[in-house]
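Here's the structure, in C-alpha cells; my notes come after.
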C-alpha cells in the first residue's frame with residue numbers, strides 16, 4: 001500500500017480508511033510467466049543508438065518495437081501510461097493490441113477489472129468525454145496502482161513482441177508518484193533498460209533492486225514548499241497487490257539522463273543502487289531541458305540563457321568508467337562517429353524518430369511541422385515558463401496549439417490529470433497538491449504565487465491531444481502542444497523532394513550510413 005512515513009514522528013501513517021486499498025485479488029500468477037532472467041544485455045554492450053523516450057505516447061510501442069527489431073535500443077515513454085491505457089480502451093482498442101497484451105498479464109483478475117471499467121466495444125461517441133483515471137496522490141487508490149502496473153506492462157510487452165531486441169522505458173523524476181508501480185509493471189513485462197531524467201533520480205536504482213525481489217520500497221518525495229523540513233516518504237509494497245509464489249524479475253539496466261558532469265559524479269557517489277550509465281543531454285534536445293547554470297554574480301533579473309558552464313566535461317564523465325550516450329542535435333552518422341571519438345558509447349536521437357511514421361504524434365501535426373521545416377519557417381523555442389515543473393521546455397510554434405497565444409487565451413484553465421502537480425507540505429502528516437497551470441484562484445488558495453501562473457501551459461492535456469487522445473468537454477477538444485529538438489538537419493537525408501513522410505527504419509539506415517567526408 002501507499003502511505004506517508006514522517007521521519008519526525010513515530011512511524012507509518014496509513015492512508016485514509018475510505019480509500020479502497022487491498023481489495024485486489026491477491027493470488028499468484030494464473031498464467032505461465034515466460035520472462036527470461038539470464039539474457040540481460042550489460043550496459044556497456046547496449047546498442048550505439050538509443051531512440052529517445054518522448055512522452056506522452058510519442059515514443060509508443062510501435063516506434064520502440066520497430067527500432068528494437070533493427071538491433072538498436074527502442075524506448076517507450078513511461079509518462080501517463082495509466083491514462084493512455086484507459087483512453088485506448090475507451091476508443092474501442094480497434095486493432096485489439098491492448099487487449100492482446102492484457103491477455104498475457106499473469107494476473108487476469110487485475111486485467112479483467114480494468115477491462116470491465118474502461119473498455120467500450122466500438123469506441124466512445126466522438127463528442128463524449130473520456131472517463132478519467134484517478135488522480136495520482138500520496139494515498140494511491142488500488143484501482144490506480146493497478147492501472148499504472150498494467151499500463152506499463154502493456155506498453156513494454158507490445159514493444160518487445162515478436163523480436164529479441166532491447167527495449168527501454170523513460171520516466172521523469174519530476175513525476176514522482178507514479179514511478180514505482182509503473183517500474184514494476186515494466187519489469188513484469190521484461191523491460192531491459194530504465195532511463196530517468198528531469199531531475200536527480202538518486203533513489204531509482206535502489207528501487208529497481210528491491211522491486212526485482214518484490215521487496216517493499218521507500219521513495220523520498222520532493223516538495224515545492226516544506227517549511228518544517230519534514231521528510232515525506234512514499235512507501236510501496238508490491239506484496240500488497242501480489243502475494244504467494246511470485247516470479248523472479250530481472251533488474252533492468254539503469255541510465256540516468258543528465259546535463260552536467262557534476263551530476264554524473266553525484267549519481268555514482270550517492271545513488272541508492274547501481275548506476276549502469278548515462279545519457280548526457282544537450283540543451284538543444286526536445287521536451288524538458290535542465291535549467292541553465294547562471295554565472296556567479298550575473299544579473300538575477302536577466303533572461304536565462306545557456307553558455308559555457310552548461311557544456312559537459314566528457315573526459316570527467318568518462319573517468320567514471322560508465323558507458324554514456326550523447327543526446328541533443330546528434331542525428332547524423334557524423335555525430336555518431338564524433339560521439340564515439342569523444343568516448344561515448346553512442347548517441348540518443350529523439351526528434352528524427354518523433355516525426356517518423358511509427359511515432360504516436362497524429363499525422364496532421366507531423367505533416368505541418370515537416371512542411372514548415374522544408375519551407376524554412378519552422379520555429380522552435382525554449383520556453384522558460386511554459387512547464388508547470390519550472391524546467392525549460394521546448395515548444396514548436398504552430399497555430400491552433402497552446403503555443404499560440406490566441407489558443408492559449410481561449411482555453412479554460414483546468415488540472416484534471418495531475419501528473420505535473422507540485423507537492424507541498426500542509427502539515428507534518430499531510431501533503432497538498434497544486435499546479436501552476438490550474439485556475440489561478442485555486443492555485444493561490446493553496447499558497448502559490450500568482451506570478452508563477454503566468455504563461456504556464458497544461459502539458460498533461462496538451463501532450464495527450466498531440467497523440468490523438470485529447471479530452472473533449474462540452475464540444476471543446478483540448479488543443480495539442482508540440483515539442484521537439486532544435487535540429488532537423490536529418491530531414492533531407494530521410495525524405496525526397498516535397499515528400500515529408502519517412503519511417504523509423506529510414507532514420508536508422510541514415511544514422512548507420514557512411515559519414516560525409518565534407519563534414
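The values are calculated or read from the model by the stated rules, or taken from the named source; none is laboratory data. Quantities reported herein were computed from a predicted structural model and do not represent experimental measurements. For neighbour counting, all protein chains shown are included, and Cβ atoms are generated from backbone atoms with ideal geometry for every residue, glycine included.
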Exercise for the section: Kindly provide the set of residues from the stretch 102-114 that are without any contact (Cβ under 8 Å) to a residue 60 or more places away in the chain and within 24 Å of the chain's Cα centre (by Cα), ordered by number. Expected result: 102, 111, 114
Fill in the blank from the handout: Among the residues of the stretch 214-244, the number that are more than 22 Å from residue 147 (Cα to Cα) and either modelled with pLDDT of 90 or more or in a loop (DSSP other than H, G, I, E, B) (or both) is 9
Practice task
Report whether or not residue 418 is modelled with pLDDT under 85, within 23 Å of the chain's Cα centre (by Cα) and more than 16 Å from residue 481 (Cβ to Cβ).
Solution key: no
Problem - Of residues in the stretch 38-83 being assigned to a helix (DSSP H, G or I) and at pLDDT below 95, the one nearest to residue 176 (Cα to Cα) - result: 43
Fill in the blank from the handout: Of 151, 185, 165, the only residue that is at pLDDT 95 or above and surrounded by fewer than 22 Cβ atoms within 10 Å (Cβ to Cβ) is 165
Exercise for the section: Among the candidates 98, 145, 86, single out the residue that is under 21 Å from the mean Cα position of the chain (by Cα) and closer than 30 Å to residue 71 by Cβ. Expected result: 98
Practice task
Considering each residue of the stretch 288-305, count those that are at pLDDT 75 or above and assigned to a loop (DSSP other than H, G, I, E, B), and give that number.
Solution key: 6
Practice task
Output the number of the condition that residue 436 fails; it satisfies all remaining conditions of (1) in a loop (DSSP other than H, G, I, E, B); (2) out of contact with any strand residue (DSSP E or B) (no Cβ under 9 Å at 6 or more places or on another chain).
Solution key: (2)
Practice task
Collect the residues in the stretch 107-121 that are in a loop (DSSP other than H, G, I, E, B) and under 18 Å from residue 81 (Cβ atoms), keeping them in residue-number order.
Solution key: 107, 119
Practice task
Scan the stretch 84-99 residue by residue and report those that are under 20 Å from residue 162 (Cβ atoms), part of a helix (DSSP H, G or I) and in contact (Cβ under 8 Å) with a residue 24 or more places away in the chain.
Solution key: 88, 97, 98
Practice task
Kindly indicate whether residue 400 is under 21 Å from residue 475 (Cα atoms) and not in a helix (DSSP H, G or I).
Solution key: yes
Problem - Answer residue from the stretch 441-476, given it is surrounded by fewer than 17 Cβ atoms within 10 Å (Cβ to Cβ) and touching a helix residue (DSSP H, G or I) at 6+ places or on another chain (Cβ under 7 Å) and is nearest to residue 85 (Cα to Cα) among those - result: 444
Handout entry: Filter pass, residue 398 being surrounded by 15 or more Cβ atoms within 10 Å (Cβ to Cβ), touching a strand residue (DSSP E or B) at 6+ places or on another chain (Cβ under 8 Å) and in contact (Cβ under 8 Å) with a residue 60 or more places away in the chain
Key = no
Exercise for the section: Could you tell me whether any residue of the stretch 339-361 is over 30 Å from residue 276 (Cα atoms), in contact with a helix residue (DSSP H, G or I) (Cβ under 7 Å, 6 or more places away or on another chain) and modelled with pLDDT of 85 or more? Expected result: yes
Completion exercise
When every residue in the stretch 190-213 that is touching a residue at least 40 places away in the same chain (Cβ under 8 Å) and part of a loop (DSSP other than H, G, I, E, B) is compared, the one farthest from residue 174 (Cα to Cα) is 190
Exercise for the section: Answer yes if at least one residue in the stretch 102-109 is surrounded by fewer than 24 Cβ atoms within 10 Å (Cβ to Cβ), modelled with pLDDT under 50 and closer than 28 Å to residue 217 by Cα, and no otherwise. Expected result: no
Practice task
Go through the stretch 162-196 residue by residue and tally those that are more than 22 Å from residue 433 (Cα to Cα) and out of contact with any helix residue (DSSP H, G or I) (no Cβ under 9 Å at 6 or more places or on another chain).
Solution key: 2
Practice task
Quick one: which residue in 227, 252, 291, 247 is touching a residue at least 12 places away in the same chain (Cβ under 8 Å), under 20 Å from the mean Cα position of the chain (by Cα) and surrounded by fewer than 16 Cβ atoms within 10 Å (Cβ to Cβ)?
Solution key: 291
Handout entry: Unmet requirement for residue 127, which otherwise passes all of (1) in a loop (DSSP other than H, G, I, E, B); (2) within 19 Å of residue 359 (Cα to Cα)
Key = (2)
Practice task
Report the residue count in the stretch 270-287 for those that are assigned to a loop (DSSP other than H, G, I, E, B), in contact with a helix residue (DSSP H, G or I) (Cβ under 7 Å, 6 or more places away or on another chain) and closer than 30 Å to residue 395 by Cα.
Solution key: 2
Completion exercise
Residue hits (the stretch 246-269; assigned to a loop (DSSP other than H, G, I, E, B) and either touching a strand residue (DSSP E or B) at 6+ places or on another chain (Cβ under 7 Å) or more than 15 Å from residue 185 (Cα to Cα) (or both)) are 252, 259, 260
Handout entry: Residue satisfying all of: in the stretch 255-269; modelled with pLDDT under 90 and over 18 Å from the mean Cα position of the chain (by Cα); surrounded by the fewest Cβ atoms within 10 Å (Cβ to Cβ) among these
Key = 262
